[in-house]
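Structure record follows, encoded as structure tokens.
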Amino acid sequence: MEKSLVGENSLFSDVCGIIDNSRKRVAVYVNSEICLVKWHVGKRIREDVLYNQRAEYGKQIVKNLSVKLTNKYGSGWDVRNLFHCLRAAENFTEEEIVYAVRTQFSWTHIRSLSALTDPLARQFYMEMCRIEHWDTRTLDAKIDSQLYERTAISRKPEELIKQELDNLKVDNMLSPDLVFRSSYFLDMLGLPDVFSEKDLESAIVSQMREFISEMGTDFAFIARQKRITVDAVDYYIDLLFYHRSLHRLVAIDLKLGRFKPEHEGQMRLYLRYLNKNERREGEESPIGLILCSEGNTEHVEYLMLDEESSIKVAQYYTQLPDKKLLAEKLQRAIVIAREQCFEQKTK
């Protein structure tokens, strides 16, 4: 009787596995067809609209087509959805759509990515979404917080950005410039207007899940106030993480106010200690991130901490700034950085 029951349970489990696996394959197939069909619909509309070369006429074409498709196929083909199809066809090649489908992006992923007019930003979000397995809500949140504009890679010349993103696509290897950002939003910490570095650290630790989400999914928390001893003197690293894709320890120092040159010296001491005493076989050399509450990019520029240095400096915000003002500030910083790169190349 007991053997019979065990056999029935095993049979039930195996049949469930067969059905579930089949459902997954069907879901992947259906998702692929949905994405490809909508891209092809958008491509066909685009050909007609471009042929006529009149924006108002194009809108009327889409409106009339929507009415006819809805009458024949039901909901899902309203004007708004058709314009999403059109935008996808404008911003993605067929090869890119096939790649997105193979990566198992949903149509909602593609729709969000289609709204990005900068092809480099779009490629950045595609690759990071693939590597870190973002759902559509996470992708939208990353885009809204302007993650790409805040990464170190966005301040490089376009050719280097494209090369690094292409390497990521082929090798699946994240570089520090893709991981680290020029600013971090820590509004989820709920800090008062006046707080100490210890308050900041405590708030981060208590909200570690949200903080790691802002940092990126590959950060693994190791220690708070990691004690290291040099010449019988104790020092404390505020936060210590391990980044799985970079294969290296990440030391984080939290500073109130603006960046100061002595912060770099302190971080270099931490990194040399970690490299000698904590680095394990197969790991890359440790990297440091100094989070400051105020930005002063000139100091960082003179110290060249935004180049190939193992130390990164970023500004953190305990309240999200106005998106328009933030966009203007970030875009201006990118323009200045690219101008400087161009000047250096032409010298």
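Every number here is computed from the coordinates shown, using simple stated rules; none is lab data. Quick caveat, the model's predicted, so the values are computed rather than measured. Cβ sites come from the backbone with ideal geometry, for glycine too, and all protein chains shown count toward neighbours.
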Neighbourhood charge, 11 Å Cβ-Cβ cut-off, centred on D118 and excluding it, Lys, Arg +1 and Asp, Glu -1: -1
Listed residues S106, G58, T136: farthest to the positive end of the dipole of segment 51-150 (Cβ charges): G58
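N275 to N172: extension gain in nm, 0.36 nm per residue of separation minus the Cα-Cα distance?
The N275-N172 span can extend by a further 34.6 nm.
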Neighbour-count ranking [beta-carbon atoms within 10 angstrom, fewest first] of M215, M173, M267: M173, M215, M267
Gained length - T70 relative to S202, 0.36 nm times residue gap less alpha-carbon distance: 42.0 nm
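For the pairs K38/K162; K156/K276; K142/K260; K38/K68; K142/K169; K142/K255, note any where the Cα-Cα span goes beyond 21 Å. It would help to have the intermediate numbers written out before the result.
Numbers: K38/K162 27 Å; K156/K276 32 Å; K142/K260 30 Å; K38/K68 16 Å; K142/K169 19 Å; K142/K255 25 Å.
The answer is K38/K162; K156/K276; K142/K260; K142/K255.
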Karplus (6.51, -1.76, 1.60) ³J(HN,Hα), θ = phi - 60°, over segment 137-153, in Hz, Gly and Pro reported as x: 5, 5, 4, 4, 5, 5, 5, 4, 7, 6, 4, 4, 5, 8, 7, 5, 5
Distance in nm between pseudo-label sites at K162 and H133 (7 Å out along the Cβ direction from Cα): 3.3
Efficiency of FRET between E33 and A220 - r from beta-carbon atoms, R0 41 angstrom, step 0.05: 0.60
